[in-house]
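**Q** Following this message is one structure expressed as structure tokens.
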Amino acid sequence: MSFHNPQLLWLLALPVIWAFWQWVRRGHPVALPFDHGRQKEGRVLRFLTNFAGTLPALLLAIAVLMLAGPRKPAPPQEERVLNNIILCLDVSGSMGVPFGSGGTRFEAAVEAAREFCNFRKGDAFGLTIFGSEYVHWVPPTKDVSAIANATKYVRPNNMPSWMGGTMIANALRGCRDQLVRTKEGDRAVILISDGGSADFSNGGDRAVAEELAQDKIRVFGIMIAGGENGMSMGAGGMETVAVGTGGKVFTAGDQASLDEVFREIDGMQKARFKQTTADWVDAYTPFSLAGLVCVFLYALSLLGLRYSPW
């Protein structure tokens, strides 16, 4: 319990003095014929009478407390822990190949990723495109419309020739550089590609996995089916990276399976909540009830429970 205006609490001295005077005062004694008789002293009646006379002092104390503005902490609230997720999208030439019933691999991946971003309310998303090199197109932001607008310009057929390869380890290191700058929240990378990586050989996959795991960055790989050779080359290194960081590798052969992959990733990268310190809220109710009780008891005492010295 606390008060908005604690400087007013010194006024509580007034009802305390009033109540003390009520219990110690002798009043103006009136001699009656039975004063020296053998009847009982009436201690219970005296106590009830003094208590009734104290009720106005209690009402004054309650009024002072309410003027001081009583308050109490609100119940603890839960705040969602931010997820910083970078969509690492392959824009090499092979991503422009037709995929499923219509569109290209790139378009299918973008559509599924857009729905995923819209569903994950409260998280920050970034977009990194890669081929032989990587480009951080959108840094992690809660404005998911930035991701949707960016994908209109980063199509594979718009890329220069030097983006034609596939260097996944290099792109993951670039995503790591972006994520380590985030000051709060969990970190994850969703990498979408359709082929193998030239920089996964000679232990490159294990090395990048250790770097990412050290910074608590989970990697989820989505390998879009496009030929057995490409899948076997890409899935091996990605499996090492994903397992080493606590993630998983998925394969998708059509739009429906791609959407299902994102739903499964949503279940694995669950939103966490933490308790936060709540604000103060007014706490007038107990004092109001106490005041009403005092008023009721004092009204009853006025029916006859009072000193009558004539």
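**Q** Kindly provide the pair-distance distribution of the stretch 79-275 built from C-alpha pairs, with 5 Å bins from 0 and whole-percent values in order of increasing distance.
**A** 1, 8, 18, 22, 23, 16, 8, 2, 1, 0, 0
**Q** Going by average Cβ neighbours within 10 Å, how do the peptides 46-57, 151-162 rank, with the highest at the top?
**A** So the order, starting with the most tightly packed, is 46-57, 151-162.
**Q** Using amide H atoms built 1.01 Å from N in the peptide plane, name the residues 5+ places from THR251, or on other chains, whose amide H lies under 5 Å from its own.
**A** Amide H neighbours of THR251, under 5 Å, 5+ apart: MET223.
**Q** In the stretch 128-254, what is the count of Lys pairs whose alpha carbons are under 21 Å apart, counting only pairs at least 8 residues apart or on separate chains? Kindly include the intermediate steps, with their values, before the conclusion.
**A** Values: LYS142/LYS152; LYS142/LYS183; LYS142/LYS216; LYS183/LYS216; LYS216/LYS248.
Eligible lysine pairs with Cα atoms under 21 Å apart amount to 5.
Read the figures in this text as sums done on the coordinates, not as results from a lab. Quick caveat: nothing in here was measured; it's all calculated off a predicted structure. Don't worry about glycine lacking a Cβ; one is built from the backbone with ideal geometry, like all the others, and counts go over all protein chains shown.
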